[in-house]
Each structure stands twice: as structure tokens, then as C-alpha cells.
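Heads up: the structure comes next, in C-alpha cells.
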Amino acid sequence: MIRVHLVHLLHWDLQPHQKLVLARGVTLLTGENGSGKTSVLDAIKVALGVTKLDGNRTIAGYLGKQAAPVAMVRLVLDNRPAEGTRRRPLDKLHPSFGDLGTLAVVFRSDGEKHWQQDYYVLDGDVVPIVDRAPGRKQGADGPKPLPGVTAYRQQLKVLGVGDQ
């Protein structure tokens, strides 16, 4: 079973930049109505491969609240073995993963309220955003994204994260 160590949001909903470190065990989110609790939960869903949110919430709606060309939802996973075992959750993907792994979705705007998504499964606590100035090749200066959401979901399925 995977455990989320950190939720990192960049230009998601009303927060320009937010990092939430989650303690082992149970984490509770509390706050006033409209303070962003559901926003955080929806971001986690997106990082776990969901492309359509419940109710009237949309990914584009969360991304459109900021005037930023790049946004990101990133989860840092704890890959340490559970007590009493030597099994590390991310070993199912690759046995050389370290104590942390990263799941990330990076959104890039075309300026017309359309968003391209890049999906990442990475070893370590990695922020996959790199400068994409004109003339630079994608992936030339940083991690290379997976070919699309289907490949990302296949990786998640290997980890035991299903379509639900």
C-alpha cells in the first residue's frame, strides 16, 4: 500500500504554492466552508489518475483561477518498507527506487484556457517542472514525462491504485 508523504500544489485553485506534509497515520483536513479542503482532495485524485471530478468541479476550473501558464499537482510517496516486511511499495515499478517516489501531473496552458497534461512517475522527491522556453526540447533539462494518461494509469495500477 502506498502512503502519501507530501502534497505539493502549484497554481491549483486559489493557492499559488502550497505544500502539505502528511504525518504517518491519519491526517484530518479541517477548515471553514470554501477554505480549500475539497480542492486538496481533488488535487490528490488528479495525481492518482482521475481525469473527471465529482459534481460541478472540473480540473480546468481549478486551473483557471490563477493566471499562470504552468500548474502542478505532485504527490511524494513514502517508499520505506512497512514494519515487519522488506517490501517497498514502489519496488513493483522498479526495484531501485529510493525511500521516496514522486507522482506528478504538470499542466501547461496554451493561453486559450486549454491545458496540456504531462504525467510523471519518478524516483525521489522530484519537481518535474523545467523551463520550456522556445527552442528547448521537452525533457532536455529534466525528467521525461510518460507518453500520456493511459501509461500513467498503467503505472498506478501496478501500484494497486485502481480506476475508482
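The values are calculated or read from the model by the stated rules, or taken from the named source; none is laboratory data. Predicted, not measured: the structure shown is a model, and the values here were computed from it. All Cβ positions, even for glycine, are placed from backbone atoms using ideal geometry, and neighbour counts span all protein chains on display. These accessible areas exclude ligands, DNA and RNA; they are computed on the full protein's heavy atoms, side chains included. Shrake-Rupley method; radii C 1.70, N 1.55, O 1.52, S 1.80 Å.
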Report task. Please go through segment 15-37 and pick out each residue that is touching a residue at least 12 places away in the same chain (Cβ under 8 Å), under 19 Å from LEU53 (Cβ atoms) and in a loop (DSSP other than H, G, I, E, B). Result -> LEU29, GLY36
Query raised in the report: Limited to segment 66-112, what total is found for residues that are touching a helix residue (DSSP H, G or I) at 6+ places or on another chain (Cβ under 9 Å) and part of a helix (DSSP H, G or I)?
Result: 1
Report task. Find all pairs meeting these conditions: Cβ atoms under 7 angstrom apart; at least six residues apart or on different chains; first residue within segment 51-75 and on the phi < 0 side of the Ramachandran plot; second residue in a helix (DSSP H, G or I) and open to solvent by 20 Å² or more (accessible area, probe 1.4 Å). Result -> THR51/VAL149; LEU53/LYS45; LEU53/ILE59; LEU75/ILE44
Query raised in the report: Can you find a residue in segment 3-14 that is open to solvent by 80 Å² or more (accessible area, probe 1.4 Å) and without any contact (Cβ under 8 Å) to a residue 40 or more places away in the chain?
Result: no
Report summary line: With criteria (1) open to solvent by 50 Å² or more (accessible area, probe 1.4 Å); (2) over 17 Å from VAL121 (Cα atoms); (3) of a type in the set (Ser, Thr, Tyr), TYR62 comes up short on (1)
Report task. Go through THR85, THR38, THR51, THR27 for me and flag whichever is more than 16 Å from PHE107 (Cα to Cα), polar (S, T, N, Q) and touching a strand residue (DSSP E or B) at 6+ places or on another chain (Cβ under 9 Å). Result -> THR27
Query raised in the report: Within segment 114-125, is there a residue that is assigned to a loop (DSSP other than H, G, I, E, B) and within 21 Å of LEU156 (Cα to Cα)?
Result: yes
**Report entry** Residue satisfying all of: in segment 38-59; closer than 27 Å to LEU90 by Cβ and part of a loop (DSSP other than H, G, I, E, B); most open to solvent (accessible area, probe 1.4 Å) among these
**Finding:** LYS52
